[in-house]
Amino acid sequence: MWFFGSKGASGFSSRSTAEEVTHGVDGTGLTAIVTGASSGIGVETARVLALRGVHVVMAVRNTASGAKVKEDIVNQVPGAKLDVMELDLSSMDSVRKFASEYKSAGLPLNLLINNAGIMACPFMLSKDNIELQLATNHLGHFLLTKLLLDTMKTTSRESKREGRIVNLSSEAHRFSYPGGVSFDKINDKSSYSSMRAYGQSKLCNVLHANELAKQLKDDGVNITANSLHPGAIMTNLGRYFNSYLAGAVGAVAKYMLKTVPQGAATTCYVALNPQVAGVTGEYFADSNIAKPLPLAKDSELAKKVWDFSTKLTDSQSGESSS
């Protein structure tokens, strides 16, 4: 890592904004899905992609909030192409419904931005009885990506343009459980740590992107898959922090935390910047390639997470494991 604000090889830094890292990029003709586009950096990601001419599908849990955000963006970016669709990543039924409706609409898909997430919540189970952070941050996006991959492959082939899958991870992936992923204790309340469970879900985001990149490369498909750390940003992700911790974070925020436009920069860079063409299976921070935890580069662990995730998502629908 470099000092806060210093430029990396890309010419950008932690201080760069989403508009700066996409300056001069024409996204006309591209279609993107941004999950969690109704709050935090998801809003800014949707706005900047729309500003660059991308047709953005905002995949949100609350469509009323999504509609309000869409209206705000259109007021700022006249001519912006935005659609709002309902998606609750903690529910596999909702993910399947979203994917089915998306495909029925006949829309192409060039960019899949797996942005939505929850952080450090108390122990809870999803609608599918899976620990909520893993279910929302990783499994929901894993299933969504799997269900939309053929659409992305078709779009890439027909448009002759590179598809890009972008997983929002976090530096918190370094602080997972011992061994990285507690496969046999996913739902064990007694050993649950809200921050380690968050770290585990974020490690899975990196491993998912890496295994996906490998498979897409092996298949000779023109689609890349990368993961990234957006930076420490004061968004509502920290809503489960206690008031003392929130106050302490707020005190140092103006010196160390990114603004939302800076927080959305790395996502927009990896999704749109020509410098990233052909780059796959990498981890980015501050709009530059960065080094994740060595465990995040473990191809055996990545395959294990893939198989585990496939089994969990298949078992919920009665599909056979593939």
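Gain in length, Met195 to Asp83, computed as 0.36 nm per residue apart minus the alpha-carbon separation, to one decimal in nm?
Residue separation times 0.36 nm, minus the Cα-Cα distance, leaves 37.0 nm.
What's the magnitude of the charge dipole for the range 74-114 around its Cα centre, counting Lys and Arg as +1 and Asp and Glu as -1 at the beta-carbon? Answer in Debye, nearest 20.
Working: 4 positive and 5 negative charges, 31 e Å.
Value, rounded to 20: 160 debye.
Quick one: order Asp188, Asp307 from most to least accessible surface, probe 1.4 Å.
Solvent-accessible surface, decreasing: Asp307, Asp188.
So for the chain, what percent of the C-alpha to C-alpha distances run longer than 35 Å?
Working: 6669 of 51681 pairs.
Here the tail beyond 35 Å accounts for 13 percent of pairs.
Report the extension gain between Asp314 and Lys103 in nm, rounded to one decimal, defined as 0.36 nm multiplied by the number of residues separating them, less their alpha carbon distance. The partial results should precede the final answer.
On the way: separation 211, 0.36 × 211 = 75.96 nm, distance 1.94 nm.
Gain on extension, Asp314 to Lys103, equals 74.0 nm.
Starting from the Cα gyration tensor of the range 25-161, multiply each eigenvalue by 5, take the square root, and state the resulting semi-axes largest first in whole Å. Could you put the intermediate results ahead of the total?
On the way: eigenvalues 122, 69, 28 Å².
Semi-axes, largest first: 25, 19, 12 Å.
To the nearest 10 square angstrom, how much accessible area does Glu158 have with a 1.4 angstrom probe?
Approximately 140 Å² for this residue.
Could you sort Ile33, Ile289 by their accessible area in this structure, using a 1.4 Å probe and putting the largest first?
Details: Ile33 0, Ile289 85 Å².
Result of the area sort, largest leading: Ile289, Ile33.
So how much accessible area does Asp26 have, in Å² to the nearest 10, using a 1.4 Å probe?
Its accessible surface works out to 100 Å², give or take rounding.
Between Val221 and Lys185, what length in nm is gained on full extension when 0.36 nm per residue of separation is reduced by their alpha carbon distance?
Between Val221 and Lys185, full extension yields an extra 9.4 nm.
Compare the peptides 41-47, 227-233 by average per-residue count of other Cβ atoms within 10 angstrom and give them in order, highest first. Provide the component values of the computation, followed by the final result.
On the way: 41-47: 27.6, 227-233: 23.9.
Peptide ranking by packing, descending: 41-47, 227-233.
The values are calculated or read from the model by the stated rules, or taken from the named source; none is laboratory data. Bear in mind that the values here come from a model prediction, so they are computed numbers and not experimental data. Positions of Cβ are generated from backbone atoms using ideal geometry, with glycine treated the same way; all protein chains shown enter the neighbour counts. Protein only, heavy atoms only, side chains kept; ligands, DNA and RNA dropped before computing areas. Shrake-Rupley method; radii C 1.70, N 1.55, O 1.52, S 1.80 Å.
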